[in-house]
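The values are calculated or read from the model by the stated rules, or taken from the named source; none is laboratory data. Not measured: the values here are computed from a predicted model. FYI the Cβ positions are ideal-geometry reconstructions off the backbone, even for glycines, and counts take in every protein chain you see.
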Amino acid sequence: MDTLELLAHPVRLRLVHALRGGRVLTTGQLCALIPDVSKATVYRHVDLLAAAGVLDVADERRVRGAVERRYRLGQEHPGIDTETARALTPQHHERAFAAAMAALIAEFGAYLQREGSDPVEDLVGYRQHAIWLSRDELVALIGAMQAAIAPLLANEPSPERTRYLLSPIHFPAERQDPL
C-alpha cells in the first residue's frame with residue numbers, strides 16, 4: 001500500500017493525528033480518543049499502520065494474560081513531499097483532500113458529542129476568508145504561518161494545555177484573468 005493510499009483513509013488519518021506531538025498510546029487509549037469508530041476498526045487500522053512502519057511499538061507489557069502495546073509515530077512516518085505531490089493526478093489530490101476533510105468532520109463531531117463541549121468557551125473557529133494574494137504574498141503567508149506554528153508543535157501535554165487540531169487550508173478559489 002503506498003503512502004497516499006495508506007493515509008487517504010479518515011480513520012487512519014485520525015490515528016496518525018492522535019499520535020502527533022510525541023504521544024505514546026495503547027490501542028485502547030486510541031479507541032477512547034475516537035469513540036465514534038468501532039474498536040475492531042481501530043485495531044484493524046492500527047495493525048495496518050504498524051505493518052507499514054507508520055507506527056512503532058514503543059513498549060509492551062502483560063495485562064491480564066494479554067500483551068498490551070503502546071504505539072508512537074514511527075521516526076520516519078510517511079508524508080506527501082513536494083515531488084510526490086507533483087506526480088499526483090487531480091483525482092489523487094481530490095481523494096486525499098476528501099479523506100482529510102472526512103477526518104476533520106469526524107473529529108469535530110466527536111468533539112461536539114463530548115460532555116461539556118462548548119465551542120464558544122473553547123474558542124472553536126472555522127472561518128473562511130477570501131483574500132487576493134500574489135504568489136510572493138502567498139509564499140510569505142505560508143512562511144509566517146509555519147513560523148508561528150512550528151515552535152508550538154514541540155509543546156508537551158500538561159494539565160493547563162488542551163490539544164487542538166489546526167488545519168490550515170488554502171487554494172485558489174478562482175483564477176485571475178489578465179487585465
- request: From (1) of a type in the set (Val, Ile, Thr); (2) surrounded by 14 or more Cβ atoms within 10 Å (Cβ to Cβ); (3) touching a strand residue (DSSP E or B) at 6+ places or on another chain (Cβ under 7 Å), pick out the condition that doesn't hold for residue 80.
  value: (3)
message: I'd like the full set of residues that are exposed (fewer than 11 other Cβ atoms within 10 Å of the Cβ) and either closer than 15 Å to residue 54 by Cβ or of a type in the set (Asp, Glu) (or both), limited to the range 64-77.
response: 75, 76
- request: State whether one or more residues within the range 94-117 are more than 23 Å from residue 38 (Cα to Cα), loosely packed, with under 10 Cβ neighbours inside 10 Å and not basic (Lys, Arg).
  value: no
field: Residues satisfying the stated conditions in the range 99-137, i.e. in contact (Cβ under 8 Å) with a residue 60 or more places away in the chain and of a type in the set (Gly, Ala, Ser)
entry: 99, 100, 102, 103, 106, 109, 110
message: If a residue must be over 10 Å from the mean Cα position of the chain (by Cα) and surrounded by 14 or more Cβ atoms within 10 Å (Cβ to Cβ), how many such residues does the range 12-23 contain?
response: 2
Index of the failed condition, residue 170 passing every other in (1) modelled with pLDDT of 90 or more; (2) not in a helix (DSSP H, G or I): (1)
message: Where the second residue is of a type in the set (Lys, Arg) and exposed (fewer than 11 other Cβ atoms within 10 Å of the Cβ) and the first is without any contact (Cβ under 8 Å) to a residue 40 or more places away in the chain and lies in the range 55-73, which pairs have Cβ atoms under 8 Å and are six or more apart or on separate chains?
response: 67/61
message: Six or more apart or on different chains, Cβ atoms under 7 Å: show the pairs whose first residue is in the range 81-96 and touching a residue at least 24 places away in the same chain (Cβ under 8 Å) and whose second is surrounded by 10 or more Cβ atoms within 10 Å (Cβ to Cβ) and outside any helix (DSSP H, G or I).
response: 95/8; 96/8
